[in-house]
Amino acid sequence: VPDPVKRARQRDVIENGMTSSYLPDAARRFRKLYDDMEERLASNTWLVGDDLSLADIAMMPYVTRFDHLQLLDILTNRPGLSAWYDRMKSRPGVEVGIGEWLNDKYLTLMREKGLESQTAFMSLFHND
């Protein structure tokens, strides 16, 4: 990574995982993202209105990663986001764009690591 600040942050996250000093801020940013999405979806079928848009496609990998990490408890109080995720998963392009690129080793690793850190991460995610 050419940018020394980004390189240091990535190294810290890789080396320290759940104890990284960057994790609390990342959890807050994801909470804000999902809260903002929920707000939009309270009055829209899709993030930008009544039609699927690039915004929906761009956000799908983030929610999918939370799914793979067993962190979908974030949807419990976000019914709009939960319904949106179900709609997105049912779209044929999602299988082509995401599903066909996955492998069992990846999914197993994400599931295992997500379950190991689920309680700690969710505490950060819900913490102000």
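Within the range 41-65, restricting attention to residues that are under 24 Å from F121 (Cβ atoms) and open to solvent by 30 Å² or more (accessible area, probe 1.4 Å), the residue that is farthest from the chain's Cα centre (by Cα) is A58.
Quick one: which helices (runs of 4 or more DSSP H) lie wholly within the range 72-128 and hold at least 3 residues that are without any contact (Cβ under 8 Å) to a residue 24 or more places away in the chain and exposed (fewer than 15 other Cβ atoms within 10 Å of the Cβ)? Step through it out loud before you land on a result.
On the way: elements: 79-89, 92-97, 104-126.
Those helices (runs of 4 or more DSSP H) span 92-97, 104-126.
The criterion of being modelled with pLDDT under 95, surrounded by 15 or more Cβ atoms within 10 Å (Cβ to Cβ) and either within 29 Å of K89 (Cβ to Cβ) or not aromatic (F, W, Y) (or both) does not hold for V5.
If only residues of the range 14-25 that are part of a helix (DSSP H, G or I) and without any contact (Cβ under 8 Å) to a residue 12 or more places away in the chain are counted, the one that is nearest to D56 (Cα to Cα) is D25.
The values are calculated or read from the model by the stated rules, or taken from the named source; none is laboratory data. Bear in mind the structure is a predicted one, so any value in this text is a computation, not a measurement. Cβ sites come from the backbone with ideal geometry, for glycine too, and all protein chains shown count toward neighbours. To get the accessible areas, we keep the full protein, side chains included, count just its heavy atoms, and leave off ligands, DNA and RNA. Shrake-Rupley method; radii C 1.70, N 1.55, O 1.52, S 1.80 Å.
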